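Structure record follows, encoded as structure tokens.
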């Protein structure tokens, strides 16, 4: 099938894109990478009257390294998250997650902002943003807003973006010191949607205890999840004293994952616990070597 007819716009500035959205409102869709939207349009599962293409908008492709953080433009491709040497060094968790996203053709076109705005609960990048406590910078007709990633995702395929807003960039903190990171997921085949997964980061203090730990779970609920109980259980502990299987069980204890044709909620919960344990083990090992 082919998409239903629509009007096409290619603004070159954020202001122009926002003005179009303010004018067209719910009749318009934003095209970022298009790796989710284009198939939906082609199958006519989604019909839009107006399509606003962000590919030519100045500034959205930039990566800005600042003291203590990196601001990644919304139109930075998935492939660049792992191919950019400086970004890979500053925010390793992005580089660890990117290879799990679909296949290389998808990574060549898909974008960071598109992934976050699409809010697929099985996607890797929203979970990374939640785990690292990233800040999502959005702009609309009323001006700019800065939304913590933990507050950005409201439900399955739903965010707190207003109808006239776009994502401009995402600001990720840069961890320093003895740090380690890991992304673990289970999928039926490489490139398939994750049945369950976790993004994990660990920072060790000078005395060898866990100074900071972060987890972002995906495929286990309607939004990316941060298991606060598991974070607290790891904090301040010596790695040798941790029972990673117990931490994994704690991370998924209160979750109610969905059932679908790929796995039951019970299977997802068991798999999630194992993946948390594996990711924590790998992250601690890397931090210990640092």
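Nothing in this text is a laboratory measurement; each read-out follows from the coordinates by a stated rule. Note that the coordinates shown come from a computational prediction; the quantities given were computed from them, not determined experimentally. Cβ coordinates were reconstructed from backbone atoms using ideal geometry, including for glycine residues, and neighbour counts include every protein chain displayed.
When the helices of the chain are scored as -39500 (n - 2.57) per DSSP H run of n ≥ 4 and the total is divided over every residue, the value at 222 nm lands at -9500 deg cm²/dmol. Take every DSSP beta bridge whose two residues both sit in the chain; close to 85 percent of them are antiparallel.
Only bridges with both residues in the range 178-289 count here: give the DSSP antiparallel percent, nearest 5. If we restrict to bridges inside the range 178-289, about 100 percent are antiparallel.
Taken as Cα centroids, the range 150-190 and the range 18-49 sit 21 Å apart, rounded to the nearest whole angstrom. Over the C-alpha atoms of the range 7-53, the Rg to Rh ratio, Rh being the Kirkwood estimate, stands at 0.97. Each of 106, 156, 261 was scored by other Cβ atoms within 10 Å of its Cβ. Listed from fewest to most, they are 261, 156, 106.
Under 8 Å for C-alpha pairs, at least 6 residues apart: give me the relative contact order for the range 5-93, rounded to a whole percent. Walk me through the intermediate numbers first.
Working: 104 pairs, mean separation 26.8, N = 89.
About 30 percent, as a whole number.
Classified by the C-alpha gyration tensor, the range 89-225 has an oblate form. Its axis ratio a/c, with a ≥ b ≥ c, is 1.5 or above, and a/b does not exceed b/c. Quick check: Cα centre of the range 55-88 to Cα centre of the range 216-266, how many Å? Their Cα centres are 29 Å away from one another. The simple spin-label model puts a point 7 Å past each Cα toward its Cβ; for residue 104 and residue 23 those points are separated by 4.1 nm.
What ranking, highest mean first, results for peptides 220-232, 69-81 when packing means the other Cβ atoms within 10 Å averaged over each residue? Mind dumping the intermediate values first?
Numbers: 220-232: 20.2, 69-81: 22.5.
Ranked by mean Cβ neighbours within 10 Å, highest first: 69-81, 220-232.
Per-residue Cβ neighbour counts within 10 Å put 124, 162 in the sequence 162, 124, beginning with the fewest. Stretching the chain fully between residue 174 and residue 154 yields a gain of 4.6 nm (0.36 nm per residue, less the alpha carbon separation).
Relative to the current alpha-carbon distance between residue 62 and residue 83, full extension at 0.36 nm per residue lengthens the span by 6.1 nm. Rg and Dmax over the alpha-carbon atoms of the range 178-289 stand at 13.8, 47 Å.
In whole percent, what relative contact order does the range 150-235 give with Cα contacts below 8 Å and a gap of six or more residues? Once divided by the residue count of the range 150-235, the mean separation gives 21 percent.
Annotation: extensible slack from residue 290 through residue 190 equals 33.0 nm (criterion: 0.36 nm per residue apart, minus Cα-Cα distance).
Using C-alpha pairs below 8 Å separated by at least 6 residues, the relative contact order for the chain is 16 percent.
Select one label from [x] 27, 23, 18; [y] 34, 22, 16; [z] 38, 23, 18: the one whose number is semi-axes √(5λ) of the Cα gyration tensor in Å as derived from the coordinates shown. The listed entry that was calculated here is [y].
Order by neighbour count: 207, 259, fewest other Cβ atoms within 10 Å first, most last.
Details: 207 7, 259 12.
In order of increasing Cβ crowding within 10 Å: 207, 259.
Helix 265-289 axis versus longest C-alpha principal axis of the chain: approximately 70°, rounded to the nearest ten.
Once the Cα atoms are used to define both axes, helix 14-24 deviates from the longest principal axis of the chain by about 70 degrees.
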